[in-house]
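What follows is a short report on a single structure.
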Amino acid sequence: MAVTLLAAELFDERQCTLGEGPVSSGPSHAQVEWVDIEGKKVLSRNIETGQSSEYAVPELVGFVIPTESGKSLLGTTSGPVLYDGNSFSAYASRNESDVTPMRWNDAKVSPDGDLWLGSMAITEEAGYGSFYRLDGQTQKLKKFLTGTGISNGLAWSQDERTFYYIDTLTFGIEAFDYVDRSISHRRMVIPCDTQYGFPDGMCIDSEDGLWVAFYNGSAVRRYDTRNSFAMTHEIKVPALRTTSCAFAGKALDKLIITSAERKNPASTTDDGRTYICETGFTGMATTLFAGA
């Protein structure tokens, strides 16, 4: 199968040290937010108006999640915490003793309204992280996986029976059965050749295609889960360290792509900026967190 090549254009010129976790929200999915994890801030830009803003966060911040109340749930190191536009308030905590300093990384709300989120070592070493569900009704954290490395992309199939997951340090995309708000039967479905980069953030389209950002790969690649996981599209991104992606816009046909600069001497002005691409596919609307 021939791979269709696409190109990303600049969406927001602000340079993030570690841009991650874009989400879209609002009536026309035009409000786009993302985090600069190491820059300790949350950024936003409206696709329709072009209006942008940002605010500082006291700690490293792994994710920003819109909630049903209009507040934001932030994955700060000691959180998650709620942000109401003025102040931060405690919401949940792992309350665990760690052998190495940890932080939250990627997170996403399930079709049931729960938040699934992963922890990782700040040193990015494998084996110290865990993967959790934050119950949208009870506000309780439940651990489902231990010994993870860098929890990244998350996505649910259209029939809500399969959950896709990326631990970047396993160098591929895995699948689980998803039943009764739980995951089981873990298996690798898309092994990746690391010469083309490391699988990072991910989202899914309305045809069950997985769009995966490749760190150190300057690309986002689409895999057709209904056709033996064949790669069908590749988006060339100006930034080397492509980190994550999410659909946005009124028709949910624009892919927002974040990237990282990481204060690397080899980085250029393209690294750390946020990009956009017309994919020809329709994505899924962001599910709001039901617990806040």
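If you compute Cα Rg over 2.2 N^0.38 Å for the structure shown, which of [x] 0.99; [y] 1.21; [z] 0.90 do you land on?
Among [x] 0.99; [y] 1.21; [z] 0.90, the one calculated here is [z].
What value does region 147-197 have for Rg/Rh, both radii from Cα atoms and Rh as Kirkwood defines it?
0.99
Compute the normalised compactness of region 111-263: alpha-carbon radius of gyration over 2.2 N^0.38 Å, N being the residue count.
Normalised Rg, Cα atoms only: 1.02.
Two decimals, Cα atoms only, Kirkwood Rh: what is Rg/Rh over region 58-156?
Rg divided by Rh gives 0.94.
With every atom except the alpha carbons ignored, what do you get for Rg and Dmax of region 1-40, in angstroms?
Radius of gyration, then largest Cα-Cα span, for region 1-40: 13.9, 42 Å.
Hey, rough spin-label estimate for Arg226 and Glu160, points 7 angstrom out along Cα→Cβ, what's it come to in nanometres?
1.9
So if I place +1 on the C-beta of Lys and Arg and -1 on the C-beta of Asp and Glu, and nothing else carries charge, what would the dipole magnitude of region 93-196 be about its Cα centre? I want it in debye, nearest 20.
Dipole of region 93-196, to the nearest 20 debye: 240 debye.
Just the accessible area for Phe198, please: 1.4 Å probe, Å², rounded to the nearest 10?
60
How much length is gained on full extension from Ser184 to Ser89, taking 0.36 nm per residue of separation minus their Cα-Cα distance?
The Ser184-Ser89 span can extend by a further 30.9 nm.
Compute the relative contact order of region 120-190 as a whole-number percentage, counting only Cα pairs closer than 8 Å that sit 6 or more residues apart in sequence.
RCO, region 120-190: 21 percent.
If I compute solvent accessible area with a 1.4 Å probe over the protein chains, what percent of it on region 163-292 is carbon and sulfur?
That fraction is 50 percent.
Treat every Asp and Glu Cβ in the chain as -1 and every Lys and Arg Cβ as +1, leave all other atoms uncharged, and give the resulting dipole magnitude about the Cα centre to the nearest 20 debye.
It comes to approximately 300 debye.
Using a/c under 1.5 as the rounded threshold, could you call region 185-250 rounded, prolate or oblate? The axes a ≥ b ≥ c are square roots of the C-alpha gyration tensor eigenvalues, and prolate needs a/b larger than b/c, oblate otherwise.
It comes out oblate by the Cα gyration axes.
List the trypsin sites (Lys or Arg not before Pro) within region 230-269 that DSSP assigns to loop and that have no more than 13 neighbouring Cβ atoms inside 10 Å.
Those that pass, being in a loop and sparsely packed, are Lys250, Lys263.
Report the Cα centroid-to-centroid distance between region 207-283 and region 49-63 in angstrom, as an integer.
One Cα centre to the other: 20 Å.
Quick one: go through region 73-100 and flag any residue whose amide nitrogen is under 20 Å from the point 7 Å out along the Cα-to-Cβ line of Met284.
Of the residues in region 73-100, 73 have backbone N under 20 Å from the label point off Met284.
Could you pull the accessible area for Leu82 with a 1.4 Å probe, rounded to 10 Å²?
The accessible area of Leu82 comes to roughly 20 Å².
In nm², what is the average projected area of the convex hull enclosing the Cα atoms of region 91-141?
Taking the Cα atoms of region 91-141, their convex hull projects to 3.7 nm² on average.
How large is the accessible surface per residue of the chain, computed with a 1.4 Å probe and reported in Å² as a whole number?
41
On each of the three principal axes of the Cα atoms of region 173-292, give max minus min coordinate, whole Å, ordered largest first.
47, 34, 32
What accessible surface, in Å², does a 1.4 Å probe find on Asp98, ignoring ligands, DNA and RNA and rounding to the nearest 10?
Near enough 70 Å² of accessible area.
So for the chain, averaging the separation of alpha carbon pairs under 8 Å that are six or more residues apart and normalising by length, what relative contact order in percent results?
21
Would you list which lysines come within 27 Å of Lys140, measuring only between C-alpha atoms, while excluding same-chain residues fewer than 8 positions from it?
The reachable lysines, counting only those whose Cα sits under 27 Å from Lys140, are Lys40, Lys41, Lys71, Lys108.
Classify region 1-99 as rounded, prolate or oblate, taking a ≥ b ≥ c as the square roots of the eigenvalues of its Cα gyration tensor: rounded when a/c is under 1.5, otherwise prolate if a/b is larger than b/c and oblate if not.
Prolate, because a/c is 1.5 or more and a/b exceeds b/c.
Can you order the peptides 143-151, 19-27 by their average number of other Cβ atoms within 10 Å per residue, highest first?
19-27, 143-151
At a 1.4 Å probe radius, which order do His29, His185 fall into by accessible area, largest first?
Output order, biggest surface exposure first: His185, His29.
Roughly how large, in nm² to one decimal, is the mean projection of the convex hull of the alpha-carbon atoms in region 117-191?
Seen from a random direction, the Cα hull of region 117-191 projects 5.2 nm² on average.
The values are calculated or read from the model by the stated rules, or taken from the named source; none is laboratory data. Remember, predicted model here, so these are calculated numbers, not experimental data. FYI the Cβ positions are ideal-geometry reconstructions off the backbone, even for glycines, and counts take in every protein chain you see. To get the accessible areas, we keep the full protein, side chains included, count just its heavy atoms, and leave off ligands, DNA and RNA. Shrake-Rupley method; radii C 1.70, N 1.55, O 1.52, S 1.80 Å.
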